[in-house]
Amino acid sequence: LNFTTGMGYNSAIGVTDGYLLFPYPFFVSVKGFDVRAEGVSDDERARNLAMLQFVAEETVRRGLHFQFGIWTLAYHWVNSPKATCRITGLTDATHPAYCRDALAALLREVPQIGGVTFRVHNESGIPKGAESFWDTQFSAVKDCGRRVEIDMHAKNMEPETLRAALATGQPVVVSPKYCGEHLGLPYHQASIREKEMVPEKSITDTGTGVLEGNRGFTRYGYADMLAENRNWDVVFRIWPGTQRFLLNGDPATFAGYGRAAAFCGAAGIELSEPLHFKGRRGSGLPGGRLAYADESLVPKRDFEKYDITYRLWGRLGYHPDANPETWQRAFRKDFGKAAPQVEQALAAASRVLTLFTLAHAPSADCVRYWPEIYTNIPIADTAAKLPRYDMTPPLLFGNASTFDPQLFQSPDECGDALLDDTASGRYTPLEVAQWLENLAESAAANLAEAREKSGARSTEPGFRRVEEDVLIQCGLARFFAGKLRCAVLWRIFARSGNRAAGESAITSYTKGRDAWAAMAARAAKIYRKNITYGTSLTSGHWMDRIPAFDADIADLKKRLDTSPAPAGQADERAADRAFKIATEKPVRPLIAAKHTSPESFHAGKDLEIAISLGAPALRVTLHYREVNQARRWKSLVLNTDHGGFSGRIPAAYTRTRYPLQYYFEIETGGGKAALSPALNRDLSNFPYHVVRLAKA
């Protein structure tokens with residue numbers, strides 16, 4: 001249990017609610033310092049400490065590890081005239097020693113604290129270049145007289161900070177984000193976005209720890225943290241950027257996260273609880289955190305809505321192959337004969353947002369991008385006012401990268417590949433659109449059957465809470481499917497002038513918009529008008545978004561009639577072929593592949609890889625890379641070998657301290673290609689193989 005303070009703000013700028021932001025003076029009085037939080041009396045501080053002691057004691061009594069998280073160490077808050085609980089009594093000169101002594105006092109007063117999590121980059125209030133602060137802060141852990149873990153958030157973590165933590169002799173954990181600040185599919189993305197990549201010449205592997213130099217690639221994944229024989233542990237942290245309050249619970253997805261927790265010897269995984277960011281940045285509103293307009297749906301305690309989420313995460317995040325009975329008996333208790341259908345409806349609906357987020361990533365920042373209540377990005381209008389997304393211009397829907405550009409195409413890339421007749425095994429937005437529609441159909445059908453089997457119980461609050469959130473996610477799936485298809489078709493129109501593609505793009509968008517509007521109208525009776533999770537980009541309601549969709553569709557209709565046909569970009573036959581493929585149901589080649597992954601590899605020696613196929617193939621390409629997101633993937637066309645295909649990852653590349661990962665791209669002809677291993681039906685497996693370095 002990670003009790004985290006200060007996560008309500010990205011940095012100490014624009015603070016309104018300062019309670020526990022800089023945590024120490026809210027819990028302890030430190031000898032030799034008169035540091036206080038304004039408005040917090042000695043009695044209140046004592047009550048806070050007593051409550052923290054109670055939480056820690058109850059956690060440990062249940063056999064769990066108790067972690068104390070310190071997300072902000074800034075005591076001075078910038079541009080914050082309305083901030084509550086300002087910190088007094090500190091200066092830059094006294095700040096490091098105070099933090100050391102305050103943490104030491106906290107560790108004495110709460111002996112159940114088994115670890116401390118720190119954000120260690122500049123958003124913590126400790127700027128780059130002030131790494132000596134961490135030597136002082138970590139000394140409190142070093143000298144506390146017991147085993148206490150130092151856990152450091154991986155984003156922009158400097159090698160000097162890691163070395164300072166290791167020098168304490170205490171156990172050290174580095175905790176990278178999982179898929180940006182979002183929920184993606186339950187595998188570690190094969191690549192980070194191009195936006196996060198840094199020039200390889202700007203970083204150096206000295207072999208003494210993590211890479212030295214430009215560490216901007218560490219922001220949104222495991223980065224370079226998974227070297228073999230490392231002397232720190234890795235725990236992945238899943239942020240709640242994608243799905244904040246709609247109920248989710250898919251056994252396959254949560255089991256996938258559980259398997260990913262041990263990726264390349266990692267030590268585990270943390271999930272930010274569903275209401276983690278509710279009221280972030282001081283934006284909380286009266287009326288309860290669940291934001292129900294229909295008061296009959298409000299449970300006695302707000303966490304009760306998420307019993308399913310907690311149960312599945314607890315069982316499957318810890319033990320991916322847990323006996324289904326451990327959660328299905330709770331489904332039977334709550335939903336009776338309809339339990340199997342409720343489970344299946346919720347499982348299908350719960351894959352919608354994780355899938356769409358992975359396939360469409362205009363921003364890794366959870367403040368700017370909230371797929372659950374999506375803020376529109378135009379298809380063609382570059383003059384539209386948009387949030388400050390961290391994507392490469394132009395800021396258009398079809399140009400947004402995926403969270404895994406190695407394995408997934410953006411709509412613009414898909415449209416270009418269709419026009420250029422380029423074979424690629426990457427998953428296309430057309431396939432993602434079809435998967436989303438399939439999920440919506442499965443969820444809706446199972447929900448209808450569950451409603452019928454439930455009889456009178458279908459009117460009970462527990463069933464209705466599940467029902468309404470499943471229906472909302474079905475509406476999201478249909479909208480996203482329509483917009484993804486629209487973006488591909490509009491790319492074909494924009495490059496070729498093929499009017500049929502432009503008209504079909506508008507039709508797809510309109511169909512998606514109508515599905516959103518129908519969903520939003522029902523949701524307006526269920527949830528309040530402002531479902532606030534922060535500033536303007538993470539607040540509001542589904543109804544608020546419809547005018548932007550309508551304006552976007554109107555803009556496309558105007559462009560369809562007024563845009564001149566592009567000259568020489570794509571010929572008519574290519575455009576007709578691309579349009580035909582884009583409007584058909586996508587069919588990926590099914591190829592029976594037989595491959596045995598090597599048990600390990602030896603550094604500095606060739607690694608032989610072979611695969612045999614159950615059908616002819618024009619070409620098989622091996623894509624391989626260190627398990628290090630700072631590096632780019634390499635490719636090798638395999639040789640035909642007695643009915644199969646084989647090749648070698650060269651010795652020069654295997655001279656590494658990282659595991660290796662690889663997958664196959666299989667071209668079958670006619671512009672078709674497939675990947676092996678492929679994503680499974682539940683979208684819950686690893687779509688690549690991993691080989692560990694042999695032990696010396």
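The values are calculated or read from the model by the stated rules, or taken from the named source; none is laboratory data. All figures in this text were calculated on a predicted structure; none of them were measured in a lab. Backbone-built Cβ (ideal geometry, glycine too); neighbour counts: all protein chains shown. Only protein heavy atoms, including side chains, enter the accessible area calculation; ligands, DNA and RNA are left aside. Shrake-Rupley method; radii C 1.70, N 1.55, O 1.52, S 1.80 Å.
May I ask you to rank Asp606, Asp151, Asp302 by accessible area, largest first, using a 1.4 Å probe over the protein chains only?
Asp606, Asp302, Asp151
So, counting K/R as plus one and D/E as minus one, what does the shell of residues with Cβ under 10 Å around Arg351 add up to?
On the way: positive: none; negative: Asp250, Asp682.
Neighbourhood net charge equals -2.
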Residues Arg301 and Ser597, FRET efficiency given R0 of 51 Å [Cβ-Cβ distance, rounded to 0.05] = 0.65
Which whole-percent values make up P(r) of the range 345-478 when all C-alpha to C-alpha distances are grouped in 10 Å steps starting at zero?
-> 12, 34, 30, 16, 7, 1
Check: C-alpha center the range 57-97 vs C-alpha center the range 430-500, spacing in Å is 43
Across all Cα atoms of the range 1-139, Rg and the largest Cα-Cα distance (Dmax), in Å, are 14.4, 44
Over the range 281-433, what relative contact order in percent results from Cα pairs under 8 Å that are six or more residues apart?
-> 15
On a 0 to 90 degree scale, rounded to 10, what angle separates helix 411-420 from the longest Cα axis of the chain?
-> 30
Using heavy-atom solvent-accessible surface (probe 1.4 Å) with all chains present, what is the largest-first order of Ile269, Ile113?
-> Ile269, Ile113
May I ask which residue of Thr168, Leu285, Ser41 lies farthest towards the positive end of the charge dipole of the chain, with charges of +1 (Lys, Arg) and -1 (Asp, Glu) on Cβ and the Cα centre as origin?
-> Leu285
Whole number please: convex hull volume per residue, Cα atoms of the range 551-696, in Å³.
-> 203
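Give the Kirkwood hydrodynamic radius (Å, one decimal) of the range 574-627, defined as one over the mean of 1/r across all pairs of different Cα atoms.
15.2
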In Å and from the alpha-carbon atoms only, list the Rg and Dmax of the range 301-366.
-> 14.4, 42
With at most 12 neighbouring Cβ atoms within 10 Å, loop GluC sites (Glu not before Pro) (DSSP) excluded, longest segment of the chain = 39-583
Obtain the radius of gyration and the Kirkwood radius of the chain from its C-alpha atoms and give Rg over Rh.
-> 0.97
For the chain, calculated [θ]222 nm from helices alone, where every DSSP H run of n ≥ 4 adds -39500 (n - 2.57) | -11500 deg cm²/dmol
Taking Cα atoms, the helix 95-109 axis meets the longest principal axis of the chain at an angle in degrees (rounded to 10) of 80
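With an 8 Å Cα cut-off and a minimum separation of 6 or more residues, compute the relative contact order for the chain in percent.
Worked out over the chain, it gives 12 percent.
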Area accessible to solvent at Arg692, 1.4 Å probe radius, in Å² = 90
Expressed in square angstrom to the nearest 10, the accessible area of Cys414 with a 1.4 Å probe stands at 0
To the nearest 10 degrees, how steeply does helix 572-583 sit against the main Cα axis of the chain, on a 0 to 90 scale?
-> 60
Average accessible area per residue (Å²) across the range 1-126 - probe 1.4 Å, nucleic acids and ligands excluded | 44
For the range 234-314, alpha-carbon Rg relative to the globular expectation (2.2 N^0.38 Å, N residues) = 1.27
For the range 62-151, just list the percent of Cα-Cα distances falling in each 5 Å bin from zero outward, please.
-> 3, 12, 23, 24, 18, 12, 5, 2, 1
Please report, in cubic angstrom per residue, the volume enclosed by the convex hull of the alpha-carbon atoms of the range 447-604.
-> 294
Met543 - accessible surface, heavy atoms, 1.4 Å probe, Å² rounded to 10 | 80
Checked against a 19 Å limit on the C-alpha separation, the offending pairs among Lys511/Lys557; Lys201/Lys695; Lys305/Lys483; Lys155/Lys278; Lys128/Lys155; Lys278/Lys529 are Lys201/Lys695; Lys305/Lys483; Lys155/Lys278
Accessible surface of the range 579-640 [probe 1.4 Å, protein heavy atoms]: carbon and sulfur percent = 52
What is the magnitude of the charge dipole of the range 117-180 about its Cα centre, with +1 placed on the Cβ of each Lys and Arg, -1 on the Cβ of each Asp and Glu, and no other charges, expressed in debye to the nearest 20?
-> 160
